Ligand SMILES: [Zn+2]
Ligand SMILES: [Zn+2]
């Protein structure tokens with residue numbers, strides 16, 4: 001009973017074989033999948049997918065890389081979609097200082113506006129953070145994100161950063177990179193996160209776990225992340241799967 005708390009099954013990379021990929025995930029024991037819609041194209045197709053499969057849920061939000069494309073009215077659009085019964089969080093939102101498509105000030109404004117919306121609606125948020133640890137923490141604090149909490153997706157920071165996120169009611173989610181042999185810091189953080197705040201994900205089609213690194217990632221591979229996490233925590237795969245699934249159910253209100 002595994003839950004992939006962050007996947008992109010509606011991505012271009014799954015156009016040819018989406019149904020097979022979903023079936024392989026079911027065969028691997030993935031009973032719940034949270035699909036992330038993050039811009040004008042992927043939000044509608046993510047909701048469509050969640051309407052088609054009862055075990056798939058959707059988030060809606062505006063990704064920091066695409067922040068520059070957000071138009072007046074898009075925030076209202078996201079707000080209206082949050083009323084959909086399969087929409088479980090606002091995200092992925094945050095800051096990405098690696099790609100330079102959207103200027104930092106635009107990213108920060110769009111991030112703040114969506115945290116404010118989440119607080120207004122009482123929805124948890126899914127945070128994307130690339131090379132922006134300090135600014136993420138500062139904005140989460142200033143915008144009182146602790147009121148809603150949410151998920152630090154594919155967490156790659158230090159234990160110091162993780163602690164601050166935990167203090168603000170966030171869950172810490174680990175993806176493929178934690179399975180890499182040289183992933184010392186992610187393994188250390190995974191070992192310390194309170195069990196009731198631990199989540200696992202794929203971020204498929206990206207961030208493919210060992211031993212498929214370099215190939216397309218898919219949701220069924222969340223099992224490989226679970227195996228690594230179980231080993232680090234000294235528990236069975238079944239125990240780890242049960243705990244992380246219960247956490248996702250509780251946080252996101254999944255069935
Ligand atoms: Zn992301
Ligand atoms: Zn993602």
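The values are calculated or read from the model by the stated rules, or taken from the named source; none is laboratory data. Just so it is clear, the structure is predicted and the values come from calculations on it, not from any experiment. So basically every Cβ, Gly included, is an ideal-geometry build from the backbone, and we count neighbours across all protein chains shown.
Annotations for the structure displayed:
- Against the conditions (1) buried (at least 21 other Cβ atoms within 10 Å of the Cβ); (2) within 18 Å of the chain's Cα centre (by Cα); (3) closer than 19 Å to residue 2 by Cβ, residue 165 satisfies every one except (3).
- Selection status of residue 121, more than 16 Å from ligand 2 (Cβ to nearest atom), in contact (Cβ under 8 Å) with a residue 12 or more places away in the chain, over 27 Å from residue 229 (Cα atoms) and touching a helix residue (DSSP H, G or I) at 6+ places or on another chain (Cβ under 9 Å): yes
- Among the residues listed as 100, 74, the single one being at pLDDT below 95, out of contact with any helix residue (DSSP H, G or I) (no Cβ under 7 Å at 6 or more places or on another chain) and over 19 Å from residue 170 (Cα atoms): 100
- Flag: residue 75 does not match the condition of being farther than 29 Å from residue 134 by Cβ and more than 13 Å from ligand 1 (Cβ to nearest atom).
- For first residues located in segment 148-161 and closer than 28 Å to residue 120 by Cβ, partners that are assigned to a loop (DSSP other than H, G, I, E, B) and within 13 Å of ligand 1 (Cβ to nearest atom) and lie 6+ apart or on another chain with Cβ distances below 6 Å form the pairs 154/175; 154/203.
- Of everything listed in (1) within 16 Å of ligand 2 (Cβ to nearest atom); (2) under 20 Å from the mean Cα position of the chain (by Cα), the single unmet condition for residue 78 is (1).
- Scope segment 1-54; condition exposed (fewer than 15 other Cβ atoms within 10 Å of the Cβ) and assigned to a loop (DSSP other than H, G, I, E, B); matching residues: 1, 15, 16, 17, 40, 41, 54
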